[in-house]
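The values are calculated or read from the model by the stated rules, or taken from the named source; none is laboratory data. All values reported here derive from a predicted model rather than from experimental measurement. Every residue, glycine among them, receives a Cβ derived from its backbone with ideal geometry; neighbour counts consider all protein chains shown.
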Amino acid sequence: MLKNVQHFHPKEIFECGQCFRWTPLNEEKTKYLGVVHGCVLEVHLQGEDVYLHGVSKALFQAYFLKYFDLDRSYQQVKEVLQRDPLLKKSIAHGEGIRILQQDPFETLITFILSSNNLIPKIKEGIKRISSIYGEEMLFQGEIFYAFPTPEALAKATEEELRAMGLGYRAKYIAKTATLLKEARRFTKEKKLRPLTKEEEAKCAYDLAWIQELPEEECLKALMKFPGVGIKVADCVMLFSMGKTGAFPVDVWVKKAMVYFYGAEPKSLPKMRSFAKEQFGSLAGFAQQYLFYYAREEKIKLP
DNA sequence: CGCCAGGCGGCTA
DNA sequence: TAGCCGCATGGC
């Protein structure tokens, strides 16, 4: 149990577009079930307290503390962002939003799948991928499937993935999983023997290495994966690599930027650079508040 | 039927 | 570098 937790609402955390493996268990959406990090767990908000089921204290300390971003002062984040009067409404609407620190590989594959796709279909695709290539888990008598490792997913052919309804993204996912499998392999072997130039080049796809790069280089490195453009790279950086200055611009954020800031509707790159200038290292939080407001309120542009 | 969805890759000027 | 088009799929 986490006592007296502020800035934490399951509905807002899990419905603000950053994750796809949490499902509501009650009508009020205070209780969710999630598949994360090879675990199945429940999160339940009761009054001021948050209850986690299915996770030991040790695992909570070792992984979920960071996953739920519990070391961060959201009070402070909001105080700074609220200096922009145009953001106040969105922040008030999503008081309980937090940015999860998810697994980079899962986030990368998930957001490749997200391009020009629908949220229910993304969820279904991830579930299918996991049920074929992921490890089986038992939770309260029910079977769940963890998201696969790069090695497991690299076994999938483009045709197999296409047959799962992933569309033209199947090729990107198969290729990306293979790139990551090789990157991990050669990164390990590097400690044992000198690598050839070709092998060395493959290490540049290792996500653990990419994650440590400064934001601009990190973005460029991610965009080398097939099916990854600026939007997907921004999502991976923000939702799994702790790059809080990232500002993914999708259709909903675009609507919010036009609606609140009078942005030019067609220029996505300009919205992105404006927001990064305006919000700095807190741009990612601003993005989440704006996304959630726009989608919940179904903002329509004239 | 046409339109669209948390875009991207490829081509053109 | 900006602007356009095709792309798999399925719901409306």
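Annotations
- Flag if A:L192 is assigned to a loop (DSSP other than H, G, I, E, B), surrounded by fewer than 22 Cβ atoms within 10 Å (Cβ to Cβ), at pLDDT 95 or above and more than 16 Å from DNA strand B (Cβ to nearest atom): yes
- Criterion: closer than 23 Å to A:V36 by Cα and within 16 Å of DNA strand C (Cβ to nearest atom) - qualifying residue of A:V232, A:V251, A:V236: A:V232
Okay, residues lined up against (1) within 16 Å of DNA strand C (Cβ to nearest atom); (2) in contact with a helix residue (DSSP H, G or I) (Cβ under 6 Å, 6 or more places away or on another chain):
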| position | (1), (2) |
| --- | --- |
| A:L138 | no, no |
| A:I143 | no, no |
| A:K155 | no, no |
| A:E158 | yes, yes |
| A:L161 | yes, yes |
| A:I173 | yes, yes |
| A:A183 | no, yes |
| A:K188 | no, no |
| A:E199 | no, yes |
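- Checking A:G229 against (1) more than 16 Å from the chain's Cα centre (by Cα); (2) modelled with pLDDT of 95 or more, the condition it does not meet: (1)
- With respect to (1) in the same structural domain as A:L108 (by TED's automatic domain parsing); (2) over 24 Å from A:E15 (Cα atoms), the lone exception for A:C235 is condition (2).
- Lone qualifier among A:L301, A:L222 - being under 17 Å from A:T110 (Cβ atoms) and away from DNA strand C (no atom under 16 Å from the Cβ): A:L222
- Segment A:99-117 residues that are assigned to a loop (DSSP other than H, G, I, E, B), paired with ones that are within 16 Å of DNA strand C (Cβ to nearest atom) and among the polar types (S, T, N, Q) (beta carbon under 9 Å, 6 or more apart): A:Q102/A:T110
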